[in-house]
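Engineer: The structure follows.
The values are calculated or read from the model by the stated rules, or taken from the named source; none is laboratory data. Please read these numbers as outputs of a predicted model, since none were measured by experiment. As a convention, Cβ positions derive from the backbone with ideal geometry for all residues, glycine included, and neighbour counts pool all protein chains shown. Only protein heavy atoms, including side chains, enter the accessible area calculation; ligands, DNA and RNA are left aside. Shrake-Rupley method; radii C 1.70, N 1.55, O 1.52, S 1.80 Å.
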Amino acid sequence: RAVAQAAAARGVLVAAGADFDPEGGDPPNLRLSVTRVEKRQIEQGIRLLAEAIHEVQTRAGLSLAAPIV
């Protein structure tokens, strides 16, 4: 949820993994849909999402354990 909030602050809306967990957990994943945006906006949105992830990891004192793909 923290990444979803940080992304929203940058104008990028994603769904937190918790929205799709049938057991109500908060898994460390998210869903990004690119079907309702202009193709030219996708690259910038991905860049802003990466910034949001980096911000949350930095705030939590975490390092990147896996590549963002």
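Engineer: Using a 1.4 Å probe and ignoring any ligands, DNA or RNA, find the accessible area of residue 38 and quote it in Å² to the nearest 10.
Structural biologist: Answer for residue 38: close to 110 Å² accessible.
Engineer: In deg cm²/dmol, rounded to 500, what helix-only [θ] at 222 nm does the chain give when every DSSP H run of at least 4 residues adds -39500 (n - 2.57) and the total is split over its residues?
Structural biologist: On the way: 2 runs with 30 residues, N = 69.
Rounded to the nearest 500, it is -14000 deg cm²/dmol.
Engineer: With a point put 7 Å past each Cα toward its Cβ, work out how far residue 50 is from residue 9 in nm, to one decimal.
Structural biologist: 2.0
Engineer: Moving on to the next point. Tell me the carbon and sulfur percent of the accessible area for the chain, rounded to whole percent, probe radius 1.4 Å. Don't jump to the answer; show the numbers that get you there.
Structural biologist: Working: 2930 of 5350 Å².
C and S atoms contribute 55 percent here.
Engineer: Which net charge results for the neighbourhood of residue 3, defined as the other residues with beta-carbon distances under 12 angstrom from its beta-carbon, given Lys and Arg at +1 and Asp and Glu at -1? Walk me through the intermediate numbers first.
Structural biologist: Values: positive: 1, 10, 31, 59; negative: 26, 51, 55.
Net charge in that neighbourhood comes out at +1.
Engineer: What does the accessible area per residue of the range 1-53 come to in Å², with a 1.4 Å probe and no ligands, DNA or RNA counted? Don't skip to the end; give the middle numbers.
Structural biologist: On the way: 3900 Å² over 53 residues.
Per-residue accessible area for the range 1-53 comes out at 74 Å².
Engineer: Okay, next question. Given a Förster distance of 35 Å, report the FRET efficiency between residue 59 and residue 35 from their Cβ-Cβ distance, rounded to the nearest 0.05.
Structural biologist: Working: r = 30 Å, r/R0 = 0.87.
Efficiency, rounded to the nearest 0.05: 0.70.
Engineer: Normalised radius of gyration for the chain, please: alpha carbon Rg relative to 2.2 N^0.38 Å, two decimal places. Don't skip to the end; give the middle numbers.
Structural biologist: Working: Rg = 12.4 Å, N = 69, 2.2 N^0.38 = 11.0 Å.
Against the compact-globule rule of thumb, the ratio is 1.12.
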